[in-house]
Amino acid sequence: MTPDPNAIAETKPVAPEVRSVRPEGAMVDVMGGDLRREIKVLDHGLVALVDAMPRLVPEGQTADQAIVQAARVSYGAGTKRVNEDRGLIRYLLRHRHTTPFEMVEFKFHCAMPIFVARQWIRHRTANVNEYSGRYSIMPDRFYRPSAENVRQQSSSNRQGGEEQADQSTADRFLALLERTERMHAEYLELTEKGLARELARIPLPQSLYTEWYWKIDLHNLLHFLSLRLDPHAQMEIRVYAQAMLDLIEPIVPVTVEAFRDYRSGAVALTRLEVEAMRSGKAELDTENKREQAEWREKREKLGLA
Ligand SMILES: Cc1cc2nc3c(=O)[nH]c(=O)nc-3n(C[C@H](O)[C@H](O)[C@H](O)COP(=O)(O)OP(=O)(O)OC[C@H]3O[C@@H](n4cnc5c(N)ncnc54)[C@H](O)[C@@H]3O)c2cc1C
């Protein structure tokens, strides 16, 4: 019989040759053997660090070494002689050479009020898996700000609150929150009567707590932190950002130090601000009141006001 010219010859699978490399010295867990490290936030919230990559590092090192290892691929092995690891990380952060920071990852378990989750979810570079009110009953945990955190609308910042609200306004607001919380009992009753959980949850207020697993690389986490630690971010999300920074600091201490030095503690100047500084003017050369206010804030930070 003539062989079919289109037939594909059968090949036997060949097992690939795998070369394993073992560490020369001992490896240590960057989380010190802990399953999770948790910080309580607000009245019922939490941020728990549940995993990190790299999880194991050579003894005496931190997860910062994964950043250095990646950076040396582009800068070459000779870099080690020129730069110490700390210097290299600080250089990378200052010059926004960001990809080496993506080699480190963190996985968090977080519980936060829904209005905080709405701000948080805007950070699209994380991987998220949230508690589902379609499958499960939403637990009756609600955020109620403490008296000093019932804030008056800020007069200078349209988005924010600042000083404490007066007593009667605060009392009315807290009473209103309490009334919305009472909806939970009716929500439970309706689900017990068979109403679909996906519908029954609709009236529940934004103060209700939700929770999620949130995984992100260090570069994008630093971006999140620089936006959400900023005093212009709402206090109720700032406290979560601070808890995350506290949790990662022992794991990537050199990066966190550089982040404080070059990002969160830095002041960026616009061209108009540089010109005002050069000419020693207190006012900016613009009619824009908002820009003038921002310049005043920066002058205070710089000790010029
Ligand atoms: C103080 C404050 C006030 C805010 N007020 C408002 C508001 O009033 N209304 C409102 O809607 N939002 C508001 N936001 C949310 C804000 O606009 C951003 O959506 C949020 O901060 C996430 O930032 P990001 O997109 O840089 O982060 P990520 O989503 O984590 O993205 C990180 C970076 O990746 C890149 N990237 C990600 N996705 C894309 C994409 N699809 N296309 C192009 N580049 C991408 C961008 O460079 C981006 O900076 C506010 C945020 C803050 C901090």
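Determine, yes or no, whether Ala26 is touching a strand residue (DSSP E or B) at 6+ places or on another chain (Cβ under 8 Å), surrounded by 17 or more Cβ atoms within 10 Å (Cβ to Cβ), farther than 27 Å from Glu236 by Cα and not basic (Lys, Arg).
So Ala26 fails the test.
Part of a helix (DSSP H, G or I), open to solvent by 30 Å² or more (accessible area, probe 1.4 Å) and touching a Lys or Arg at 6+ places or on another chain (Cβ under 7 Å): is that true of Val239 in this structure? Walk me through it before giving the result.
On the way: part of a helix (DSSP H, G or I): yes; open to solvent by 30 Å² or more (accessible area, probe 1.4 Å): yes; touching a Lys or Arg at 6+ places or on another chain (Cβ under 7 Å): no.
Spelling it out, it is not the case that Val239 is part of a helix (DSSP H, G or I), open to solvent by 30 Å² or more (accessible area, probe 1.4 Å) and touching a Lys or Arg at 6+ places or on another chain (Cβ under 7 Å).
Out of all the residues in the stretch 172-187, is one or more within 16 Å of the ligand (Cβ to nearest atom) and either on the phi < 0 side of the Ramachandran plot or touching a Leu at 6+ places or on another chain (Cβ under 6 Å) (or both)?
No, every residue in the stretch 172-187 fails to be within 16 Å of the ligand (Cβ to nearest atom) and either on the phi < 0 side of the Ramachandran plot or touching a Leu at 6+ places or on another chain (Cβ under 6 Å) (or both).
Only one of Thr286, Thr255 is part of a loop (DSSP other than H, G, I, E, B) and either open to solvent by less than 70 Å² (accessible area, probe 1.4 Å) or within 30 Å of Ala147 (Cα to Cα) (or both). Can you tell me which?
Going through Thr286, Thr255 in turn, the sole match is Thr286.
Answer yes or no as to whether Leu221 is in contact with a strand residue (DSSP E or B) (Cβ under 7 Å, 6 or more places away or on another chain), within 30 Å of Ala268 (Cβ to Cβ), open to solvent by less than 70 Å² (accessible area, probe 1.4 Å) and not in a loop (DSSP other than H, G, I, E, B).
When the stated conditions are applied, Leu221 passes them.
Looking only at the stretch 218-257, which residues are of a type in the set (Ser, Thr, Tyr) and within 12 Å of the ligand (Cβ to nearest atom)?
Across the stretch 218-257, the qualifying residue is only Ser226.
Residue check: is Ala268 surrounded by 13 or more Cβ atoms within 10 Å (Cβ to Cβ), part of a loop (DSSP other than H, G, I, E, B) and small (Gly, Ala, Ser)? Break it down into steps so the answer makes sense when it comes.
Numbers: surrounded by 13 or more Cβ atoms within 10 Å (Cβ to Cβ): no; part of a loop (DSSP other than H, G, I, E, B): yes; small (Gly, Ala, Ser): yes.
So Ala268 does not fit the description; no.
Can you go through Leu42, Leu49, Leu35 and tell me which one is in contact with a helix residue (DSSP H, G or I) (Cβ under 7 Å, 6 or more places away or on another chain) and either under 30 Å from Val150 (Cβ atoms) or exposed (fewer than 13 other Cβ atoms within 10 Å of the Cβ) (or both)?
Leu42
Glu198 versus (1) open to solvent by 70 Å² or more (accessible area, probe 1.4 Å); (2) touching a Gly at 6+ places or on another chain (Cβ under 8 Å); (3) within 16 Å of the ligand (Cβ to nearest atom); (4) assigned to a helix (DSSP H, G or I): which is the lone unmet condition?
Only one criterion is unmet by Glu198, namely (3).
Those residues that are modelled with pLDDT under 95 and among the polar types (S, T, N, Q), I need them from the stretch 235-269; list them, please.
Ser264
Using beta carbons and a limit of 6 Å, which pairs, at least six apart or on different chains, have the first residue in the stretch 119-133 and touching a residue at least 40 places away in the same chain (Cβ under 8 Å) and more than 12 Å from the ligand (Cβ to nearest atom) and the second one of a type in the set (Asp, Glu) and not in a loop (DSSP other than H, G, I, E, B)?
What qualifies is Tyr131/Glu211.
The values are calculated or read from the model by the stated rules, or taken from the named source; none is laboratory data. None of the values given here were measured: they were computed from a predicted structure. As a convention, Cβ positions derive from the backbone with ideal geometry for all residues, glycine included, and neighbour counts pool all protein chains shown. Protein only, heavy atoms only, side chains kept; ligands, DNA and RNA dropped before computing areas. Shrake-Rupley method; radii C 1.70, N 1.55, O 1.52, S 1.80 Å.
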